1. How big is the stretch 268-569 by the Kirkwood estimate over distinct Cα pairs, in Å?
2. Considering the dipole of the chain built from charges on the beta carbon (Lys and Arg +1, Asp and Glu -1) around the Cα centre, which of 74, 533, 263 is farthest to its positive end?
3. Among DSSP beta bridges lying fully in the chain, give the percent that are antiparallel, nearest 5.
4. Hey, quick one: spin label on residue 110, modelled 7 Å out along Cα-Cβ, who in the stretch 336-366 has an amide N within reach, i.e. under 15 Å?
5. With contacts defined as alpha carbon pairs under 8 Å and 6 or more residues apart, what's the relative contact order of the chain in percent?
6. Relative to the Cα centre, what is the charge dipole magnitude of the chain, using +1 at the beta carbon of each Lys and Arg, -1 at the beta carbon of each Asp and Glu, and rounding to the nearest 20 debye?
7. Along the Cα→Cβ direction, 7 angstrom out, place labels at residue 32 and residue 207. What is the inter-label distance in nm?
8. If the label point is 7 Å along Cα→Cβ of residue 326, which residues in the stretch 360-394 have backbone nitrogen under 20 Å from it?
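The values are calculated or read from the model by the stated rules, or taken from the named source; none is laboratory data. Only a predicted model underlies this, so the values are computations on that prediction, with no experimental measurement involved. Cβ: placed from backbone, ideal geometry, glycine included. Neighbour counts: every protein chain shown. Accessible surface is based on the protein model in full, side chains and every heavy atom, while ligands, DNA and RNA are left aside. Shrake-Rupley method; radii C 1.70, N 1.55, O 1.52, S 1.80 Å.
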Amino acid sequence: MSERISGIAASAGIAIAKAFVLQNPELTIERKSITDSASEIERFEAAISVSKDELSVIKEKANKELGEDKAAIFAAHLLVLSDPELVDAVKQKIENEKVNAEAAMDDVSSMFINMFEQMDNEYMKERAADIRDVSKRVLAHLLNVTFTTPASISEEVVILAEDLTPSDTAQLNRNFVKGFATDIGGRTSHSAIMSRSMEIPAVVGTKTITEKVENGVTVIIDGLDGHVIVNPSQDEIATYQEKQKQYQQQKEEWAKLVNEKTFSSDSVQVELAANIGTPADIKGVLENGAEGVGLYRTEFLYMGRDQLPTEEEQFKAYSEVLEKMEGKPVVIRTLDIGGDKELPYLNLPKELNPFLGFRAIRLCLEEQEIFRTQLRALLRASSFGNLKIMFPMIATLGEFRAAKGILLEEKEKLVSEGTKVSESIEVGIMVEIPSTAVMADTFAKEVDFFSIGTNDLIQYTMAADRMNEQVSYLYQPYNPAILRLVKMVIDAAHKEGKWAGMCGEMAGDPIAIPILLGLGLDEFSMSATSVLPARSQILGLSKEKISAHIDHILQMDTMEDVIKFAEENFK
Ligand code: PEP
Ligand code: MG
């Protein structure tokens, strides 16, 4: 019998494959003194040998099923395990320092990871990731714990996990991972956002998926409607294959608009931009016909590593994005760490309410060296394209003035050193805190643009944690309270001759798009995969006609009233 489990549709598409239930191993390493180094070395060699056997099996399977190039990652992992520089260094440490194998392996692998990560070379950085994965595998054997990581997957699967951290998501191999479903999370949690930029069908917030499904069971992920079918019948598989085919055909229709600009049926032009997390996402931005980057979440450059990225590394990433976008607008957001995005190496104290805590601009204004390094990298990159700098989580005008002041100081320093810096960088803010939306008329006199971050604006306005699926019913983008705030921001910008964009998930939401067009939004920034459907939708909408309904909509009682009205009138 099949079972249907409902969740939140996080990334469009259908995936049908076997379940791979991901458990994160608890790798707590205790440092112990040992006396018998020979038997400790033997234990280490045994762990290496089982790890090699496992990897060889995985590699063979991947080779057979998916081809040599896709199996190459496992060959690289095997090479690490045979590398005398690493293996001998661990043995020597056990011998000379009389420490247990776990501690020796951890020390040596961390040393190599740090060394490779610091090198200004993508190939070496990938080696650091290989060593990290391999050392986890060996440590899991030494500690006798079960080991599964997304990187160890070697056949086509859908991943089921309690949650996927953004760095787990970044490790997913698209060749193997056809989709994923999680117990926790909402549409705007960062794993959901990443799944959209990677074009992997996903359902989040199912509450029970990992409890109910075992490894190897066939599962359908319906990322269009937000459910998972466990153990489907042949009929159900056929139905979903048909749905998958239709979705594919729909995508082919949308693809015809890839080189077009975006106009409403009454010829009002808007800009459709894409949100990115890394320079690698630019490929998808261009393939999906986005007219710019409306949000580059730079924090991903700081994650999944052991220390802060250098100014040089950042300069390279930012200039690469600007260059590849060939003069199209690129809004780069300064570091927005905190909330569900942690940087363990900063050793920040645990907070009870991380989303209300020391995050984003609050941290940057306090830890100024981190901020200044990023700003210098951005300013240096500015001559490579059309850069706009955006500060996240601005709650007061004082914060904006302080951040801009630091930016200008760094700019002056660079210019006096003879570095080329663009003279036309716009400096704007995210509007994601209600105080800033309410004060938008004041801000509009000083900022160059607004970008409304509805993921946070909705969570703060409704007081509903965006990560908590139990309160996900309060993620209400069409609630008149939110729409009124959005209107205040757009009107305030226009009054001062500035532009207003939106980079929260609401900007790509087909129910919200007509209303946002009617409200006068200038720029819509969304997951790259939403750009073409949005363009196709806007082509069929008359801004003038929708605008005539806006006052009426803003006076409605509930979100449900707004949805009903929008569905009946803006098709
Ligand atoms: C937002 O809050 O809407 C936003 C775009 O920022 P993030 O999702 O990265 O918090
Ligand atoms: Mg935000």
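1. The Cα-based Kirkwood calculation yields 19.6 Å.
2. About the Cα centre, the residue reaching furthest to the positive side is 263.
3. Numbers: 20 of 59 bridges.
Roughly 35 percent of the DSSP beta bridges within the chain come out antiparallel.
4. What the label zone holds, given the 15 Å backbone N cut-off, is 344-347.
5. Numbers: 1104 pairs, mean separation 83.1, N = 571.
Relative contact order comes out at 15 percent.
6. It comes to approximately 840 debye.
7. The modelled label-to-label distance comes out at 4.3 nm.
8. Within reach of a label on residue 326, which here means backbone N under 20 Å from a point 7 Å along Cα→Cβ, the stretch 360-394 contributes 382-388.
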